[in-house]
Structure formats: structure tokens, C-alpha cells
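The values are calculated or read from the model by the stated rules, or taken from the named source; none is laboratory data. None of these values were measured; they are calculated from a predicted model. Heads up, the Cβs are rebuilt from the backbone with ideal geometry, glycines too, and the neighbour counts pull from every protein chain shown. Areas reflect the complete protein model, heavy atoms only, side chains present, ligands, DNA and RNA absent. Shrake-Rupley method; radii C 1.70, N 1.55, O 1.52, S 1.80 Å.
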2 protein chains.
Amino acid sequence: MAKPLQVEVYNPNGKYRVVSTKPMPGTRWINLLIEQDCRLEICTQKKTILSVEDIISLIGDKCDGVIGQLTEDWGEKLFSALSRAGGKAFSNMAVGYNNVDVNAANKYGVAVGNTPGVLTETTAELAASLSLSAARRIVEADEFMRAGLYDGWLPHLFVGNLLKGQTVGVIGAGRIGSAYARMMVISRCLVHLTYGQFLKANGEQPVTWKRASTMEEVLREADVGPVIDEVALVEHLKVNPMFRVGLDVFEDEPYMKPGLAEMKNAIVVPHIASASKWTREGMATLAALNVLGKIKGYPIWSDPNHVEPFLNENATPPAACPSIVNAKALGLPVSKL
Amino acid sequence: MAKPLQVEVYNPNGKYRVVSTKPMPGTRWINLLIEQDCRLEICTQKKTILSVEDIISLIGDKCDGVIGQLTEDWGEKLFSALSRAGGKAFSNMAVGYNNVDVNAANKYGVAVGNTPGVLTETTAELAASLSLSAARRIVEADEFMRAGLYDGWLPHLFVGNLLKGQTVGVIGAGRIGSAYARMMVISRCLVHLTYGQFLKANGEQPVTWKRASTMEEVLREADVGPVIDEVALVEHLKVNPMFRVGLDVFEDEPYMKPGLAEMKNAIVVPHIASASKWTREGMATLAALNVLGKIKGYPIWSDPNHVEPFLNENATPPAACPSIVNAKALGLPVSKL
């Protein structure tokens with residue numbers, strides 16, 4: 001038999017058993033669960049991505065709800081295991097849920113939560129940060145300085161680009177793209193906002209353009225996954241040393257295509273767009289409240305993008321699930337709060 | 001006898017001999033000089049900082065003007081050498097001129113040029129870039145990604161800080177500080193602008209606060225040199241891993257105090273605040289036109305902070321020196337253009 005995964009247990013005598021597959025930032029989400037009579041088990045195993053078998057062993061014989069991660073494969077096997085253990089509540093700690101087979105969840109009557117409403121500004125600020133860092137060559141300049149290579153001011157040292165007066169393009173100008181655009185406009189950049197329909201009407205084609213058939217498809221694909229032809233990008237960076245790029249997601253994540261890691265004119269960060277303390281603690285809180293709300297039989301919050309009442313640390317959160325993506329399929333009632 | 005320094009010569013038969021102690025970005029400044037009958041010699045020696053003796057050898061027996069750098073020691077020795085060679089024109093390729101002994105220049109009747117009017121936005125954008133990069137840990141995140149350590153999304157990976165709603169302090173809110181403040185305000189930060197007088201009235205003391213006696217002293221010291229107690233900063237960074245800093249200048253430049261290069265929560269760049277292509281090419285043009293204008297006997301431009309007419313690449317620049325800091329002492333006339 002495999003060695004059991006390490007877990008940390010909070011409130012061992014709680015009535016409802018809730019599992020979090022990962023430690024999450026902050027402590028409020030933990031307190032909210034244990035105050036409502038949950039026994040919380042947090043998997044602390046040093047393993048970046050848990051397998052389906054790992055999670056089945058965490059679920060065990062009796063489990064009321066699970067908070068999971070977008071790196072995990074939530075399909076038939078896990079939802080049937082959760083259902084057998086008596087659980088009807090799951091939440092991703094993420095807005096996206098392309099790691100979740102929602103049809104399988106529907107089949108077993110398991111609610112699938114996600115965490116919109118707290119990522120917009122944090123993600124837009126990362127985009128602005130990458131734009132400015134790439135323009136001013138911050139990473140290579142820091143490496144040079146840190147290595148002790150700086151021996152005096154020189155007219156040609158790390159000359160980058162002024163953004164003022166330049167044109168910025170935003171492909172996919174939803175909430176995040178628009179927030180980013182606002183930041184760049186005020187730096188006196190001209191901004192071209194492009195929606196899918198705008199592109200189509202103008203006959204322009206982004207590299208991997210295709211028409212999405214539903215808004216859900218757009219949401220599932222937005223910003224994540226193979227938007228850029230990374231092999232072509234590496235070639236372009238090699239041939240055009242003055243072309244600079246900042247990337248937060250990758251075609252074969254967590255891997256980069258060969259050559260990208262060697263390019264000085266690329267800044268590459270490991271999918272940290274939502275990695276601010278405020279956002280990540282908010283995501284943890286919303287994921288915990290999705291699971292708790294389903295366990296308690298609470299209705300669904302009417303607007304998942306306006307979740308401020310759940311985030312106020314000085315008040316009891318509303319008796320509702322902040323965001324359940326398959327609420328309609330499961331016939332869950334909408335909150336009147 | 002020492003080996004002569006390497007130089008590149010343009011327009012060898014030009015009437016006026018002008019020396020640039022360093023190659024500078026762009027080509028317009030070169031063309032402007034050779035079109036006006038200058039023989040231009042650019043020192044291309046691979047030596048970051050030229051010594052006084054190096055520059056004396058570049059000046060030689062006959063020299064009409066020199067474009068120098070803020071890393072060079074322009075005092076009695078160099079101005080007397082330039083004067084002996086028949087030269088009355090010098091320009092720093094910089095706004096600051098604390099490397100220049102203006103009294104010595106006055107004594108030999110040498111005009112001292114500088115290059116304001118093109119640095120504000122580029123410098124403010126670097127400050128914004130450092131603020132955002134530090135908040136979102138761009139350099140350490142890039143190093144982690146590039147080293148191949150990323151093996152999947154994790155809730156705690158490189159969690160930084162959202163700037164929206166935070167308070168930003170700007171000590172020294174002149175042109176650059178105000179431009180930076182405008183950028184940060186629009187990211188929905190609150191900004192506290194502080195002038196020296198404001199600080200004094202409130203009884204607050206910046207670390208190395210002292211009252212400047214003249215505006216010239218403020219200009220010479222602004223942003224450069226020992227503003228921060230770097231040893232204390234290193235201690236603070238060690239004790240407070242969540243405290244983050246971005247630095248472009250250093251107490252003992254080009255050196256950092258021990259320990260700073262090892263701090264993950266510091267971003268350090270080698271004095272690149274003005275390092276955008278537009279600004280550096282503009283600085284080169286203004287420095288060349290200061291020297292050319294003095295050689296030609298042109299008057300002094302009336303507002304050194306509004307130099308757009310000199311930067312228009314499609315027009316002949318005005319017949320004036322863009323900015324001569326000792327114009328009054330030398331009794332040079334002001335342009336009526």
C-alpha cells in the first residue's frame with residue numbers, strides 16, 4: 001500500500017469533513033470553515049500536482065467537500081469517488097475550470113465552484129508590470145548589476161523603450177484587458193482594444209484566431225494555454241533583438257519551448273497573474289465558501305463578479321455560495337440577498 | 001609614452017575639431033555636427049570611465065569642443081587643457097553636472113552644457129517599472145522559470161502585492177516625481193507627494209534629510225547619490241522578506257553595499273533611469289548642439305526644459321545652444337527665437 005499523503009488537520013471533531021488538496025494563502029478561509037463545524041484537512045505533501053489516485057486517497061470513505069486546484073484532473077473518477085464518500089461540493093481555487101469535467105460533476109450531482117470577481121486588477125497589474133519590465137529590460141539589467149558587471153554609467157547601457165506615445169494592442173478586451181488598457185492609457189499610450197467581433201469585422205487575424213461558439217468557451221480559453229506559437233516566437237526573438245516580450249503562460253506549461261529560456265529579450269514568469277496576497281486570499285475564501293455553502297444548503301449568489309460582501313474580513317459572509325458554475329444544471333436556487 | 005586611445009573619425013577635413021569621449025546612441029547628433037563643418041572624433045576605447053589624463057590626450061593641441069560624460073572629472077585640469085587647445089565649449093550628456101567644477105569652467109571661459117527636457121517621462125516610467133516589478137517579484141519569478149524549476153501552478157508561488165488602493169509616497173515631487181505620481185494614481189493608488197518644504201512643515205525627516213540652500217543644489221543632488229542608507233536597507237530587507245525595493249542608483253556607485261546583491265526582495269538596475277532610445281538619442285543631440293552652438297557663437301535657448309524644436313528630426317534645429325548652465329556667468333546672450 002502506498003504511503004499516505006501528509007495532511008494537516010484543523011478542528012478534528014467537526015461534523016463536516018472538508019479536504020483542501022493544497023495549502024492556500026491566508027487564514028480566514030480556514031477559520032470560516034472551522035467556525036461552521038467543519039473538520040478541515042489540508043494536504044501538505046511536497047508534490048506540486050496531485051494525481052487522481054492521490055486525491056481519491058484524500059477523499060477516503062467520508063468526505064463532504066473538496067477544494068481543488070486547476071492542475072488536477074477532476075473528471076468521472078474523482079466525482080464518483082467524492083459522491084461515494086457522500087460529498088456534493090467541489091470548488092476550484094481558480095476562475096477557469098478547464099480541468100473540470102462539468103458533465104461528470106452533473107452526473108453525480110456535485111456542485112462545481114470557481115472564484116471570479118477578485119482577479120481583474122491583480123492580473124491587469126501583472127500585464128502592466130510585464131509591459132514596463134520588458135520595455136526597460138529590468139530582468140537583464142538586474143542580472144548584470146547583481147553579477148557585479150556594472151563599472152560606471154554608459155550612454156548605451158540597457159537602452160530600452162519609452163512607452164509614452166506608443167500604441168498598445170489588447171487582444172481580448174474583457175474585464176482584465178480593459179483594466180490593463182486603462183493603466184496604459186494614463187501612461188499616455190494609445191490603446192487599441194480588440195474584441196473578437198472587432199477583429200472579424202476588420203478582416204484581421206490573430207495568430208491562432210478561431211471563432212468561439214459560446215461565451216463559456218471564451219471564458220475557458222481566455223488568457224490560458226496555446227495562444228502564442230512559441231516556436232515561432234523564439235525565432236522572432238532571435239532575429240529581432242529589439243523585440244521584447246513578457247510571458248506568464250506557456251504553450252506546454254509548465255515547460256517552455258527550446259530556446260526561450262536563453263532569450264534575453266523575453267521575460268518569463270511562472271503563471272503568477274493572480275498572485276497578489278489580496279487576490280489569492282480572496283480566491284481561497286471564495287473557494288471555501290462555495291464548498292461550505294453547498295454543504296449547508298445555501299442558495300447561489302446572484303452576481304459572481306460582485307463578491308465584496310464575502311471578502312469583508314470584519315463581517316460574517318452572506319449565507320450563499322459565491323459562484324457555482326453548474327448551478328442551473330443542478331437546479332440550485334439563486335439567493336435573494 | 002602611453003598607447004593612444006582608439007578613436008573613430010568622422011569628416012576628417014572639418015574646420016572645427018569636436019571630441020566625444022564616448023559613443024552615444026543614434027546618428028542624428030553625428031550628422032548635425034559634420035553638416036556644420038565639424039571634424040568629429042569619438043573615443044571608442046573599451047574603458048568604462050576615462051581618466052583626466054585620457055581626456056587630456058584626446059583634447060590634444062587643437063580642440064574646439066568636447067562632449068563628455070557624468071562619470072568624468074571635469075575640473076581645473078581639463079578646462080585648462082581645453083582652453084589651451086582653443087576650445088570654449090563643453091557639454092555633459094546628462095542633466096546633472098556634479099562631475100563639473102563650474103567655477104573652473106568660468107575661469108577659462110568655457111561654456112558648460114547639460115541636457116534637460118528629455119528625461120522626465122523615461123525616468124518616471126523606470127520608477128513605475130521598478131514599483132510594479134518589485135510588487136510582483138518579476139526578477140525572482142523570471143529566474144525561477146528560466147531555471148526550469150516551475151513544475152505546475154501553486155497557490156503560494158511568488159505571491160506579491162496588488163498596488164490598487166495602496167498608498168504611494170513620492171519624496172521630491174518635481175517634474176519626474178509628478179509624472180510618476182500621475183502614472184501611479186491612475187492605477188488607483190493614493191499618492192502622497194512630498195516637497196522638502198512639506199516635509200519640514202510636518203516635522204517629518206527623511207533618512208538623510210538636509211535643507212538645500214539653493215535650487216541649483218537641489219538639482220545637482222536630486223535622485224543621485226547617497227539618498228538611502230544602503231547598509232540599513234540591507235538589514236531591513238533581511239529582517240522583512242515581504243518588504244521589497246527597486247533601486248536604480250547606489251550609495252557607492254558603481255558598487256553595492258555587501259549583501260544587497262544576494263537579496264531576493266531587491267531589484268537592482270545599473271543607473272538606467274534615462275535609458276530609453278528616445279531620451280538617450282535626445283540627450284546626445286542636445287549635448288552636440290550645445291557644443292556646436294557655442295562654437296558657432298549662437299545665443300542660449302530661453303527655456304531649457306522645452307527643447308522640442310531641437311528634437312524634430314525633419315527640421316533644421318534652431319540656431320541656439322539648448323542649455324548652458326553657466327550662461328549668465330559667461331555673459332552669453334539669450335536667444336529671441
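What are the residues in region B:232-269 that are touching a residue at least 12 places away in the same chain (Cβ under 8 Å), at the interface with chain A (Cβ under 10 Å from one of its Cβ atoms), of a type outside the set (A, V, I, L, M, F, W, C) and farther than 14 Å from B:Gly160 by Cβ, if any?
Those that are touching a residue at least 12 places away in the same chain (Cβ under 8 Å), at the interface with chain A (Cβ under 10 Å from one of its Cβ atoms), of a type outside the set (A, V, I, L, M, F, W, C) and farther than 14 Å from B:Gly160 by Cβ: B:Asp248, B:Glu253, B:Pro254.
When you scan region B:186-208, do you find a residue that is crowded, with 19+ Cβ neighbours inside 10 Å, of a type in the set (S, T, N, Q), in the same structural domain as B:Glu251 (by TED's automatic domain parsing) and at pLDDT 55 or above, even just one?
yes
When residues of region A:21-47 are filtered for being touching a residue at least 60 places away in the same chain (Cβ under 8 Å) and among the polar types (S, T, N, Q), how many remain?
Qualifying residue count, region A:21-47: 1.
For B:Glu125, indicate whether it is charged (D, E, K, R) and touching a strand residue (DSSP E or B) at 6+ places or on another chain (Cβ under 9 Å).
Criteria met by B:Glu125.
What's the total number of residues in region A:247-267 that are open to solvent by 30 Å² or more (accessible area, probe 1.4 Å) and touching a Ser or Thr at 6+ places or on another chain (Cβ under 7 Å)?
Counting residues in region A:247-267 that are open to solvent by 30 Å² or more (accessible area, probe 1.4 Å) and touching a Ser or Thr at 6+ places or on another chain (Cβ under 7 Å) gives 0.
Looking for something outside any loop (DSSP other than H, G, I, E, B) and not assigned by TED's automatic domain parsing to the domain that holds A:Gly177 - is there at least one such residue anywhere in region A:314-325?
Taking every residue of region A:314-325 in turn, at least one turns out to be outside any loop (DSSP other than H, G, I, E, B) and not assigned by TED's automatic domain parsing to the domain that holds A:Gly177.
Output the residues belonging to region A:272-306 that are touching a Leu at 6+ places or on another chain (Cβ under 8 Å), open to solvent by 30 Å² or more (accessible area, probe 1.4 Å) and within 22 Å of B:Lys164 (Cβ to Cβ).
Of everything in region A:272-306, those that are touching a Leu at 6+ places or on another chain (Cβ under 8 Å), open to solvent by 30 Å² or more (accessible area, probe 1.4 Å) and within 22 Å of B:Lys164 (Cβ to Cβ) turn out to be A:Lys277, A:Trp278.
In region A:288-313, which residues are outside any helix (DSSP H, G or I) and under 16 Å from A:Cys38 (Cα atoms)?
A:Gly297, A:Tyr298
Please verify whether region A:264-272 includes one or more residues that are at pLDDT below 95, more than 25 Å from the chain's Cα centre (by Cα) and outside any strand (DSSP E or B).
Looking for residues that are at pLDDT below 95, more than 25 Å from the chain's Cα centre (by Cα) and outside any strand (DSSP E or B), one finds none in region A:264-272, hence no.
Give region B:165-180 a look and list any residue that's within 11 Å of chain A (Cβ to nearest Cβ) and either under 14 Å from B:Ala128 (Cβ atoms) or surrounded by 18 or more Cβ atoms within 10 Å (Cβ to Cβ) (or both), or say none.
Residues satisfying the conditions are B:Gln166, B:Ala179, B:Tyr180.
Out of region A:124-134, which residues are open to solvent by 10 Å² or more (accessible area, probe 1.4 Å) and within 7 Å of another protein chain (Cβ to nearest Cβ)?
If the condition is that a residue be open to solvent by 10 Å² or more (accessible area, probe 1.4 Å) and within 7 Å of another protein chain (Cβ to nearest Cβ), then A:Leu132 is the only one that fits.
Would you check which residues across region A:97-113 are assigned to a loop (DSSP other than H, G, I, E, B), closer than 18 Å to A:Ala329 by Cα and open to solvent by 10 Å² or more (accessible area, probe 1.4 Å) and list them?
Result: A:Tyr97, A:Asn98, A:Asp101, A:Tyr108, A:Gly109.
Every residue, every condition in (1) more than 13 Å from chain A (Cβ to nearest Cβ); (2) part of a loop (DSSP other than H, G, I, E, B); (3) out of contact with any strand residue (DSSP E or B) (no Cβ under 7 Å at 6 or more places or on another chain); (4) open to solvent by 40 Å² or more (accessible area, probe 1.4 Å), yes or no:
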| site | (1), (2), (3), (4) |
| --- | --- |
| B:Trp29 | no, no, yes, no |
| B:Glu41 | yes, no, no, no |
| B:Thr48 | no, yes, yes, no |
| B:Leu58 | yes, no, no, no |
| B:Cys63 | yes, yes, no, no |
| B:Lys77 | yes, no, yes, yes |
| B:Leu82 | yes, no, no, no |
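Condition first: within 27 Å of B:Asn265 (Cβ to Cβ) and within 7 Å of another protein chain (Cβ to nearest Cβ). Now tell me which residues in region A:149-158 satisfy that.
If the condition is that a residue be within 27 Å of B:Asn265 (Cβ to Cβ) and within 7 Å of another protein chain (Cβ to nearest Cβ), then A:Tyr150, A:Asp151, A:Gly152, A:Trp153, A:Leu157, A:Phe158 are the ones that fit.
Restricting to region B:9-24, and then to whatever is within 14 Å of chain A (Cβ to nearest Cβ) and in contact with a Gly (Cβ under 9 Å, 6 or more places away or on another chain), can you tell me which residue is surrounded by the most Cβ atoms within 10 Å (Cβ to Cβ)?
Applying the filter and picking the extreme gives B:Ser20.
Considering (1) under 19 Å from A:Leu292 (Cα atoms); (2) under 24 Å from the mean Cα position of the chain (by Cα), say which one A:Asn98 fails and leave the rest.
(1)
Could you identify the single residue in B:Ser91, B:Ser57 that is in contact (Cβ under 8 Å) with a residue 40 or more places away in the chain, assigned by TED's automatic domain parsing to the domain that holds B:Leu286 and touching a Gly at 6+ places or on another chain (Cβ under 7 Å)?
Just a single option satisfies the conditions, and that option is B:Ser91.
Go through (1) modelled with pLDDT under 95; (2) closer than 29 Å to A:Met242 by Cβ; (3) open to solvent by less than 10 Å² (accessible area, probe 1.4 Å); (4) not aliphatic (A, V, I, L, M) and name the single condition B:Glu230 misses.
Failed condition: (2).
I'd like the residue in region A:135-161 that is in contact (Cβ under 8 Å) with a residue 24 or more places away in the chain and surrounded by fewer than 23 Cβ atoms within 10 Å (Cβ to Cβ) and, out of all such residues, is nearest to the chain's Cα centre (by Cα).
The selected residue is A:Ala135.
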